[in-house]
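The values are calculated or read from the model by the stated rules, or taken from the named source; none is laboratory data. The shown structure was predicted, so the numbers you read here are calculated from the model rather than taken from an experiment. Cβ placement follows ideal geometry from the backbone for every residue including glycine, while neighbour counts extend to all protein chains displayed. We work out accessible area using only protein heavy atoms, side chains counted, and drop any ligands, DNA or RNA first. Shrake-Rupley method; radii C 1.70, N 1.55, O 1.52, S 1.80 Å.
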Amino acid sequence: MQAIVCHDFEDHSVETVPEPEPDAGEVKVAVDRVQLSVTECALYRGQRIAHYEAIKRRLEDGPAQVFGHEFCGRVVELGEGVSEFEIGDRVYAPAKIPCHDCRQCDRGFELHCPNKTYLGYDTPGALAEYAVFPAEGLCTVPEGVSDAETAALQPLASSILAVDEADIGTGDVVAVIGTGVMGYQCAQLARTQGARTVIGVDVDPEKLDILAAHGFETVDARETDPVQAVEAATADVGADVVFEAVGGEQRHGTEGSDPLAQAFGMARSGGSVVQVGYIIDEISIAPRAVRTKSVDWINPVTGVTAPTPNTTTGELAGELVDDGRVSLEEYITHELDGLESFAEAVEITLNKAEYGARGPAQIVLSE
């Protein structure tokens with residue numbers, strides 16, 4: 001089969017490799033399409049961000065199949081003991097795999113396992129015609145969810161966890177700084193949780209127009225101080241919950257105009273700031289600025305959990321898209337053909353504005 005093989009950072013080729021076969025507890029998937037994440041693309045370029053050490057170790061061991069944790073695929077073979085899937089099921093991978101051996105896992109806190117396996121980082125991902133994954137990491141999707149939407153579901157499963165930990169109450173005012181893929185999702189999810197007002201903050205007029213078209217309030221940070229705008233909208237109280245969905249390189253978390261500093265500035269006393277975007281490198285924070293307002297800085301967990309006995313966050317992601325409560329299509333803008341387009345997909349995903357992309361590029365392997 002054909003697969004992307006990385007020889008080093010910024011060095012890959014499309015190669016013929018052995019087709020994998022599932023062991024016990026695993027599922028073999030024919031990959032239909034892959035959506036590259038910003039994190040994966042930045043790692044490919046050698047940026048020292050989340051998962052850098054894992055990728056570095058794998059590359060030091062020799063050429064490796066890495067990346068590709070956001071995908072849509074069809075089950076083609078079941079390993080021994082797998083009964084929760086059937087041949088032909090469409091699946092995606094919302095979960096991170098707990099070790100099942102540490103004290104956290106032993107006590108029922110698998111979501112907080114410190115030794116999780118991350119598909120595409122610690123193991124081969126879906127940048128190949130076929131891939132094998134642990135069954136516990138996969139989830140089926142409703143028929144009404146398209147292949148393109150399925151490949152974009154993994155970030156939504158993570159957004160659900162972020163919003164769940166925000167503990168939004170009926171009538172809350174929610175602000176979202178950065179309305180890209182996950183920021184837009186968090187805005188929509190906040191509404192489903194009963195938020196009275198959701199305010200989106202961005203510098204991209206196209207993204208702000210999308211929010212406005214869906215009935216959200218917007219603040220163009222190029223023209224208006226977003227902290228002052230949120231204060232004005234709340235009679236100087238501030239937002240109950242602020243999602244910081246920009247991440248990236250920031251210098252100070254509580255002073256100046258970096259997104260996190262703005263988030264702490266617009267949160268009300270006793271409110272919460274939820275860290276959605278990955279912050280690169282170190283960042284300074286004045287503890288008193290946080291303590292004085294008693295603001296909680298929430299860094300959400302990763303993985304899949306069951307918010308009720310009736311569903312999991314992985315299942316819920318597909319259900320929300322299927323019934324129209326959450327829309328993903330506005331951020332699926334660039335679809336490329338074949339694994340040979342990997343380098344182009346990386347370039348588009350890292351430089352969206354230059355290419356007119358709103359979300360990551362998707363690589364289509366099979367229609």
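In terms of the mean number of neighbouring beta-carbon atoms within 10 Å, the peptides 289-300, 208-219, 240-251 order highest first as 240-251, 208-219, 289-300. Scalar couplings 3J(HN,Hα) for region 114-128, obtained by applying the Karplus form with A = 6.51, B = -1.76, C = 1.60 to θ = phi - 60°, are x, 10, 5, 9, 9, 4, x, 10, 7, 9, x, x, 9, 7, 6 Hz; x denotes Gly and Pro.
Only protein atoms count toward the accessible area here, which uses a 1.4 Å probe; on region 83-125, the carbon and sulfur part of that area reaches 45 percent. Extent along the principal axes, Cα only, for region 284-329: 44, 28, 17 Å, with the longest axis given first. For the set K56/K96; K28/K56; K56/K352; K116/K207, the pairs lying more than 30 angstrom apart at their alpha carbons are K116/K207. Rg over Rh for region 229-294 works out to 0.96, using Cα positions for both radii and the Kirkwood form for Rh. Compared with the rule-of-thumb size 2.2 N^0.38 Å for a compact globular protein, region 256-367 has a Cα radius of gyration ratio of 1.44. Quick note on the chain: its Rg to Rh ratio, both from C-alpha atoms and Rh being the Kirkwood radius, is 0.96. Think of the chain as a dipole: +1 on every Lys or Arg Cβ, -1 on every Asp or Glu Cβ, centred on the Cα centre; then among A135, A306, P94, A306 lies furthest on the positive end. Inter-part distance, region 350-367 to region 41-114, computed on C-alpha centroids, equals 22 Å.
In 5 Å bins starting at zero, report the fraction of Cα pairs in region 9-56 per bin as a rounded %. Binned Cα distances yield the sequence 4, 15, 17, 18, 20, 20, 6, 0. Computed from point charges on the beta carbon alone (+1 for Lys and Arg, -1 for Asp and Glu), the dipole magnitude for region 1-102 about its Cα centre is near 480 Debye. For the chain, the Cβ-based charge dipole about the Cα centre amounts to some 1320 debye (Lys, Arg positive; Asp, Glu negative; other atoms uncharged). May I ask which residue of L316, T292, G359 lies farthest towards the positive end of the charge dipole of region 284-367, with charges of +1 (Lys, Arg) and -1 (Asp, Glu) on Cβ and the Cα centre as origin? The one lying farthest along the dipole's positive direction is T292. Per residue of the chain, the DSSP helices (runs of n ≥ 4 H) give a summed -39500 (n - 2.57) that works out to -8000 deg cm²/dmol at 222 nm. Per-peptide packing, taken as the mean over residues of other Cβ atoms within 10 Å, places 357-363, 188-194, 89-95 in the sequence 89-95, 357-363, 188-194 from highest down. Under 5 Å between amide hydrogens, built in the peptide plane, is the criterion, and for I298 it picks out V273, V274, Q275 among residues at least 5 positions away or on other chains. In terms of packing, defined here as the mean over residues of other Cβ atoms within 10 angstrom, the peptides 324-330, 226-232, 128-134 line up highest first as 128-134, 226-232, 324-330. Region 37-122 gives an Rg/Rh value of 1.02, both radii derived from C-alpha positions and Rh following Kirkwood. Taken about its Cα centre, region 165-298 carries a charge dipole of about 360 debye when Lys and Arg each add +1 at the Cβ and Asp and Glu each add -1 at the Cβ.
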